[in-house]
Amino acid sequence: MVITPESKLSQEVLSWRDISMDSVQGTETPKDPAKGYIALLGWSINAIKAAQKFDRRYIVVAPDWAADFCAANNIPFMAWDFERLNDRSLEIAEKLKAEGVDVAVPLYEETVEWSGAINSVLLNNPRMFGQSILFRDKALMKRRAQLGGIRVGIFEEAYEKEDVIRFMKRVNQTLVKLDGDPDDPIHVKAFDKAGCLGHRMVRKLEDIDSIPDDEYPLLMESHLDGWEFAVEAWVYDGKIKFLNISEYVTLGYSVFVPATKELESWREAITKQVELLIKTFDIQFGQIHPEYFVTSDGTMYFGEVAYRPPGFKAFELIERAYGFSAYQASMLVFDPKSTKEEVDAFFPREVVDAKGYAGCFGVYPRRRVVSKLEMPKACIEHPYFESHELAPPAEETVPDRYAFGTHWGLVFFFGDDPIKMRDLLKSMEELDFYI
């Protein structure tokens, strides 16, 4: 891919230059032509910076709006609209193949299906596209898990409001609820969105009216009382090479890595479940992000699995805790030219090689009207506080929060005690960051 010389760039384009990037400073790691050529699907500055410090050739495949930034910073770039699904959808695979690219790595949820389609061409493996559909469609995902003998809760698809009403009544009938007993809640989720997007907990039948028509069809699930946590696993040749357990403090608010000793005590059982998941979904390589529940009696339930980096900057937390780049790790296990020896040498030992505990908290305004960002002293004066990415409010009225909502930014912490980290992250929920 040709890099446009600086002399041919306009001042408007050059205004996007980031002088901290290796590609600008001339300090980019030399690329080994004997190793794989990686296409990064989507947009992540941290993934690009990691690629520049890695020995693989890379190219960024992102929408047109990224073109100027890439040109200004000497980043190999190919434009593609990931929302455009039509008869030309495989054109990007042919373009990348002609460029000499070996494999495509998805950076966020909406590019997972594209990576499956592209890699089915680049790796001459048509089944990869069908496999990617399983990672995108939560209902198909749950059925595949059931076929593999993985324990899941009760679930069904809903195409209209009456389906949700019927499902909730049937779940509570199954639980032998009596008249006057509070209903057990259910969860509804978008078929193909990431994380908490489109995720709602329905506690009573009246809540169903608040679901907009444009969110259908959706997945309905029974509620599981238990300890929810996430896993980030890097897979090479069908085997786990590194498995991190991320401990949720409050779902949608906070997470830290590695986990407490209490959750880490489940590592052997968790590893067996992830191995069963890899076998069931026929995963030969790549990075997966499954979520599980452990109930009070020790039963483990599968929630869902993603074939891309997790949210809440978990890759950045893992790098802070362990010192290796999780983005480079993904490029390594996706690369068909990587060797077993190279992969084995890349990863540290789980838990014991961690330098400390890294956590983050997602901030949601607690007030209806706000005028400014003010970092609470209890946050910034805590010895574990490191940084934040919060910005002043763009408007005073806080938009209504639908479903689980989207946080306004993350606050990052690092320390040596997982219990202190857990308690600190929990305490952040009582603080006002926007006043």
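Only the coordinates and a few stated rules stand behind these numbers; no lab work does. All values reported here derive from a predicted model rather than from experimental measurement. Neighbour counts are summed over all protein chains in view; Cβ atoms, including those assigned to glycine, are modelled from backbone coordinates with ideal geometry.
Listed values, structure above:
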read-out	value
Span per principal axis, largest first, for the Cα atoms of the stretch 117-275 (Å)	53, 42, 29
Positive dipole terminus of the chain, leading residue within A391, Q11, P310 (C-beta point charges)	P310
Sites V398 and E206, calculated FRET efficiency, Cβ-Cβ separation with R0 25 Å, nearest 0.05	0.55
FRET efficiency, 1/(1 + (r/R0)^6) with R0 56 Å, evaluated for K420 and D64 via beta carbons	0.75
Cross-link pairs beyond the 21 Å C-alpha cut-off, checked among K239/K337; K355/K377; K138/K340; K279/K355; K239/K279; K272/K420	K355/K377; K138/K340; K279/K355; K272/K420
D_trans [Stokes-Einstein, Kirkwood Rh over alpha-carbon pairs] for the stretch 309-372, 10 °C, 1.306 mPa s, µm² s⁻¹	112
Percent breakdown of C-alpha pair distances by 5 Å bin, ordered from the shortest bin, for the stretch 101-182	3, 13, 15, 14, 15, 13, 9, 7, 5, 4, 2, 1, 0
Integer Hz, Karplus 6.51/-1.76/1.60 couplings in order for the stretch 248-257, x for Gly and Pro	7, 8, 9, 4, x, 10, 7, 7, 8, 9
Column: log10 I(q)/I(0), Debye, Cα scatterers of the stretch 322-435, q = 0.13 Å⁻¹	-0.67
Cα-based shape type of the stretch 69-146, given that a ≥ b ≥ c are square roots of the gyration tensor eigenvalues and the cut on a/c is 1.5	prolate
Alpha-carbon gyration tensor eigenvalues x 5, square-rooted, for the stretch 289-334, Å	26, 13, 9
Cβ-placed point charges (K, R +1; D, E -1), dipole of the chain about Cα centre in debye, nearest 20	800
Extreme residue, positive dipole direction of the chain, given options L251, F229, F433 (C-beta unit charges)	F229
P(r), alpha carbons of the chain - 10 Å bins starting at zero, rounded %	4, 19, 28, 29, 16, 4, 1, 0
Largest-first ellipsoid semi-axes for the stretch 1-61, taking √(5λ) over the Cα gyration tensor eigenvalues, angstrom	21, 13, 12
For the chain, with +1 on Lys and Arg beta carbons and -1 on Asp and Glu, the positive-most of P106, Y159, V202 along the dipole	P106
Rel. contact order, % - alpha carbon contacts under 8 angstrom, at least six apart, the stretch 195-346	23
Projected area, mean over directions - the stretch 15-93, Cα convex hull, nm²	5.5
As computed over the stretch 5-148, the Cα convex hull volume per residue (Å³)	137
